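Here is the structure we will look at, set down as structure tokens.
The values are calculated or read from the model by the stated rules, or taken from the named source; none is laboratory data. All values reported here derive from a predicted model rather than from experimental measurement. When we count neighbours, we look across all protein chains shown, and the Cβ atoms used for this are built from the backbone with ideal geometry, even at glycine. Accessible surface areas use protein heavy atoms only, side chains included; no ligands, DNA or RNA. Shrake-Rupley method; radii C 1.70, N 1.55, O 1.52, S 1.80 Å.
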Amino acid sequence: MTTTASTTAEEKKVATITLTIDGKKVEAPKGVTVLEAALGADIYIPTLCYDPDLKPYGACRLCVVEIDGMRGIVSSCTTPAADKMVVHTETPKVNQARRIAIELIMANHIGDCLTCAKNQQCELQKVARYLGIEQEHFDRLRKGTRVLPIDKSHPAFDRDHNKCILCGRCVRACQEIAGVGAIDLAYRGYAAKVSTFGDKPIHDSICESCGECIARCPTGALVPKRTRQATRHVKTICPYCGVGCSIYLGMRGNEIVEVQGDRESPVNKGGLCVKGRFGFDFVNHPSRLTKPLIRKEGKGKDIQVNGNFKDIFREATWDEALDLVAKRLNQIKEKYGPDSIGVLSSAKCTNEENYLLQKFTRAVIGTNNIDHCARL
Amino acid sequence: MTNSIADVGKAELLFVIGSNTTECHPIIGRLIRQGVKFKGTKLIIADPRTTELAKMASIHLRHKPGTDVALINAMMHVIIEENLLNKKFIQERTEGFEQLAETVKKYTPEMAEKITGVPSTDIIKAARMFAGVDKAAVLYGMGITQHTTGTDNVKTLANLLMLTGNIGREGTGLSPLRGQNNVQGACDMGALPNVLTGYQAVTDQEKRKAAETAWGVSALPAKPGLTMGEMMSTKPGSGVKAMYIMGENPIITDPDMRHTRQSLTNLEFLVVQDIFPTETAVIADVILPAMAYAEKDGTFTNTERRVQRVRKAVEPPGEAKADWEIITLLAEKMGHPFGRKNPEQIMEEIASLTPIYGGIHYDRLNGYGLQWPCTDRNHPGTPFLHQGKFNRGLGKFHAVEYKPPAESVSSGFPLILTTGRILEHYHAGSMTRRSEVLDKLCPNGTIDIHPEDALKLGIVDGDIVAIASERGKIEAPVRITDETAPGLAFMAFHWSELPVNVVTSTASDPSAKIPEFKVSAVKAVLAVLDRASQDNAFFARLAENPVEALKEYDLTPEEKAAIASGDIRKIESWVGKLDERLKKWLIARLQQEKW
Ligand code: SF4
Ligand code: SF4
Ligand code: SF4
Ligand code: SF4
Ligand code: FES
């Protein structure tokens, strides 16, 4: 399983262990790593390749700690926590190792933070700052020799290898969460990069556009096109298929600018498919209906409409439109009886709306002629 | 679903039938993949098409569309014959086993092979594998229900699960994967002609009485109403005179588009309430602008019966109103005020009238919802049904015989067309086609045709073909792929410019009334040829059989040789100038026929 996100009640009951981290007594459930034990106790350890949804990887060497009784330094994200363990997260050795690790990463990192879509939300920036490397250092550290073209083939996101720190989170997300395996770490040493099979543009690969990789990339290497950072989030449910994934709509003013999977949800555990993640903009589409419309006199129903909607309908007030509907339904009911009226409800509307419409059909019109698209 | 989505990860074996899960229910598809890849979950796929999941399955049973009952009966035949059944479960919890055993007796794997096209050895292997694990779950999609035998198909799958004791436990069960976000909820809420909320029959006087009291009306109708298909019947003396359509686009989604359009056009009055000017809205008398999901509060119920909160995030455009508000106002106008309740208060009313929703209150839904049955405020919800006993007491085996689909291939219509969905789009496409990313990812629909058929038809990838049935004809670009099977064409219904429902069959299941979208007999012809043959008898014959057609021209051996070698000028001298694509087609065809 890929997710440790939602621990079930059962799992919570498991035995706890006690360890000492930076002199503080810390309780943690058995089976977690040293890193998770620390994070669980609000002790920050810088990380870049760690991801709570993915298997430990141990690539970036930023999470190193010293543990009494163990030789040298170890990466806390791959070391299981044990009872009575004594852990130090800030020692000269640790600091030196982290410093070397981050400088190595920065040396191969080409990008201008000011124009980067990830600016202010970038984990690399955050970690670098934490380790005392300021903006000016960035440029000095960068060798900036290998500039690779940006893969812009995908309609939803761009891949900028120059900003990639080879943390492997995207590769693991694609493998472990999406179960697709569209990308992998290819080539060795200096030439190493995340690549599709045959190094094709991502759009021509087997990528299913789920965006799990983007959601986990710590840097600006994988960013949605036209990113705008959200200012607030509203928790709701995906409007597409029957799985019913729990989502957060990222809002900016009155516009949805992103969708995030809800990691606490037992349904999707943070995961989303391409529709849920990228199919949010229809809500703001200019062709939305905004006013009640009444068919103009003498406009036959056989006319083919090619965008000239306005020729056939005229705008009306709600009052006028609803009066007309009420009058005509009453007339038809009177003339042919209630069973001459049929109502179609909607599998896209809410329960409350479906309930009201069947109540309307049965109690107001007086027929059981109500159905919906369940069968399609 | 009898069980929960999470159960997919707990089964030892998953039997997925008639569901292209990775495209239609991607997050569940993902759980299946993870199980197979990382946990050694066994996977049996029964699907006429080679779906993503079929490629990673332990066994892929590639049965002919509409032969599900024969396939499952044969699996049960093997399980009974080899004594792999769960005797304890059958004895304690079921009835009707003898009848079932009797019925499946004749469904030997060899007999089923003839009907389904699946090698008998694979049927035996699948049966043994299915019966050989402690926890097996069945997941099915529209590939099971969209048949004239849809109800039978579901019953047969239930039989298989009961026979092996795979009901009422974690990691087992029968899981229909519902297509649309709130199709479960719409059913639960009684948006069906025969039931009130919570599946309480309209014929049940007591249930009606309760609703009458709550709604303040005297006599609710007791006779079950018309289904969607029946409402739209154009037979004299049937159908309805007026319709009120909320958030549906039947012109695109219903079978036999010409018929749908005609019946909606014939109405004396049509109201459409929607967020976009859909193909159906265009023929309405009144269009009411509704709010999208992100603009309103409410609840959706997902495929695992989980009632979850939908929350308002955006202000609606213009004067659009929430569907619940529109209905409330209209009821008032028609002299029956509902008392202006907000969604939370409406849910209170639902809870009071619906035992399975009795414990659903908004203040309880702030976390991750509740799975019905949830009968009172303290009920924790129900992750899996039928634990310990079935609702009706003993589980009944419904012995079912195989019946062929309504349509079968003929010389005029030699292909079977199945319709379905693809990953990037949804339903009639009114939402996804208006999403920039989704539309760019997949802007054009195609008809999938197997290489063998393509060869016979002389068509290549990207050709435009005319697909015709007895009901109508459309043209669509071809994608040649062995994901589909020989004799089987596949097309999704998301593109209004490629409305596949022009050709689909309206034959439907007698009890569930679900149309048989998976089996329509069609023919496919290169579009230029089809167009040429419209007004030209020679081309019409050419389309049917080029060799015979050309024989009329009493050709000399030299002429024959010239044609065979690709010299089309001769033919053009008789029939006039040919379209470039048609020329190539003709040459290839003639060579193939060893002219
Ligand atoms: S990825 Fe981070 S460090 Fe690199 S340019 Fe962007 S913001 Fe700056
Ligand atoms: S979008 Fe999804 S499928 Fe595509 S590379 Fe990223 S994780 Fe893999
Ligand atoms: S693209 Fe992002 S997630 Fe993938 S390896 Fe590079 S930095 Fe890590
Ligand atoms: S995110 Fe995808 S799988 Fe989840 S509900 Fe939406 S459409 Fe379905
Ligand atoms: S977070 Fe531990 S090595 Fe990267």
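Given the options B:Thr203, B:Ile326, B:Pro109, identify the residue whose Cα lies farthest towards the positive end of the charge dipole of chain B (+1 on Cβ of Lys, Arg; -1 on Cβ of Asp, Glu). Farthest towards the positive pole: B:Pro109.
Rounded to the nearest 20, the size of the Cβ-charge dipole of the protein assembly as shown about its Cα centre is 1500 debye, with Lys and Arg at +1 and Asp and Glu at -1. Could you give log10 I(q)/I(0) at q = 0.16 Å⁻¹ for the stretch A:14-143, computed by the Debye formula over C-alpha point scatterers of equal weight, without solvent? Ignoring solvent entirely, the Cα scatterers give -0.80.
Suppose the Debye formula is applied to equal point scatterers at every Cα of the stretch A:151-227; what is log10 I(q)/I(0) at q = 0.15, 0.23 Å⁻¹? Taken in order of the listed q values, log10 I(q)/I(0) reads -0.43, -1.11. For the residues of A:172-184, the average number of beta carbons from a partner chain within 10 Å of their own beta carbon is 3.
Fraction of C-alpha pairs exceeding 15 angstrom in the stretch A:315-375: 57 percent, rounded to a whole number.
In terms of packing, defined here as the mean over residues of other Cβ atoms within 10 angstrom, the peptides A:340-348, B:240-248, B:49-57 line up highest first as A:340-348, B:240-248, B:49-57. From the largest down, the stretch B:121-275 spans 59, 43, 32 angstrom on the principal axes of its Cα atoms. Just round it to a whole percent: the fraction of Cα-Cα distances in the stretch B:5-176 exceeding 19 Å. That fraction is 51 percent.
Centre-to-centre, using Cα atoms only, the stretch B:1-61 and the stretch A:161-234 are separated by 25 Å. For the cross-link pairs A:Lys359/B:Lys296; B:Lys55/B:Lys105; B:Lys125/B:Lys155, the ones whose C-alpha atoms lie over 27 Å apart are B:Lys55/B:Lys105. Over all other residues within a Cβ to Cβ distance under 14 Å of B:Val465, the charged ones net out to 0, with Lys and Arg as +1 and Asp and Glu as -1. All Cα-Cα distances of the stretch B:17-74, cut into 10 Å bins from zero to the largest, leave 25, 52, 22, 1 percent in each bin in turn. Peptide A:252-263 shows a mean partner chain C-beta count of 1 within 10 Å per residue C-beta. Candidates A:Val127, B:Phe276, A:Cys217 compared by Cα position along the dipole of the protein assembly as shown: farthest toward the positive end lies A:Val127, with charges placed on Cβ. Could you compute how much accessible area chains A and B hide from each other, both sides summed, with a 1.4 Å probe? Nearest 100 Å² is fine. That pair hides around 12100 Å² of surface in total.
Among the residues of B:276-284, the average count of other protein chain beta-carbon atoms within 10 Å of the residue beta-carbon is 5.
Rounded to the nearest 20, the Cβ-based charge dipole of chain B about its Cα centre (Lys and Arg +1, Asp and Glu -1) stands at 1200 debye.
Surface composition of the protein assembly as shown: carbon and sulfur make up 52 percent of the accessible area, probe 1.4 Å. Karplus-based coupling profile of the stretch A:354-360, in residue order and whole Hz: 5, 4, 4, 5, 6, 5, 4, with θ = phi - 60° in 6.51 cos²θ - 1.76 cosθ + 1.60 and x standing for Gly or Pro.
Each residue of the stretch A:188-205 is assigned a 3J(HN,Hα), and the resulting list reads 10, x, 4, 7, 4, 7, 7, 9, 7, 4, x, 6, 6, x, 4, 5, 9, 9 Hz, derived from the Karplus form 6.51 cos²θ - 1.76 cosθ + 1.60 (θ = phi - 60°), x at Gly and Pro.
Taken per residue, the accessible surface of the protein assembly as shown reaches 39 Å², heavy atoms only and a 1.4 Å probe. Loop-located GluC sites (Glu not before Pro) in the stretch B:277-375 (DSSP state not H, G, I, E or B) with no more than 15 neighbouring Cβ atoms inside 10 Å: B:Glu319. Sorting A:154-161, B:13-20, B:470-477 by their mean Cβ neighbour count within 10 Å, with the most densely packed peptide first, gives B:13-20, A:154-161, B:470-477.
Evaluated on the stretch B:415-527, the Kirkwood hydrodynamic radius is 14.4 Å, with distances taken between all distinct Cα atoms. A simple packing score, the average count of other Cβ atoms within 10 Å per residue, orders the peptides B:132-140, B:439-447 as B:132-140, B:439-447, with the highest score first.
In a reduced charge model with +1 at each Lys and Arg Cβ and -1 at each Asp and Glu Cβ, the stretch B:301-371 shows a dipole moment near 160 debye about its Cα centre. Starting from the exponent 0.38 and prefactor 2.2 Å, build the expected Rg for the protein assembly as shown from its residue count and divide its actual Cα Rg by it. Taking the Cα Rg and dividing by 2.2 N^0.38 Å, one obtains 1.02. Which number comes out as Rg/Rh for the stretch B:380-453 once both Rg and the Kirkwood Rh are worked out on C-alpha atoms? Ratio of gyration radius to Kirkwood radius: 1.19. Using the alpha carbons alone, the radius of gyration of chain A stands to its Kirkwood radius in an Rg to Rh ratio of 1.12. The calculated Kirkwood hydrodynamic radius for chain B is 26.6 Å, given to one decimal from all distinct C-alpha pairs. When you restrict to C-alpha pairs under 8 Å that are six or more residues apart and normalise by the size of the stretch A:169-279, the relative contact order lands at 19 percent.
Here the simple spin-label model places points 7 Å from the Cα toward Cβ, and for A:Ala186 and B:Ser410 these points are separated by 5.3 nm. Relative to the longest principal axis of the Cα atoms of chain A, the long axis of helix A:318-336 lies at roughly 50 degrees. Considering only B:Gly143, B:Val8, B:Gly66, and ranking their Cα positions along the charge dipole of chain B that arises from unit charges at the beta-carbon of Lys, Arg, Asp and Glu, the one farthest toward the positive end is B:Val8. Considering the stretch B:421-477 at the alpha-carbon level, its Rg and Dmax are found to be 13.8, 38 Å. Axis of helix A:92-107 versus longest Cα principal axis of chain A: the two differ by about 60°, to the nearest ten degrees.
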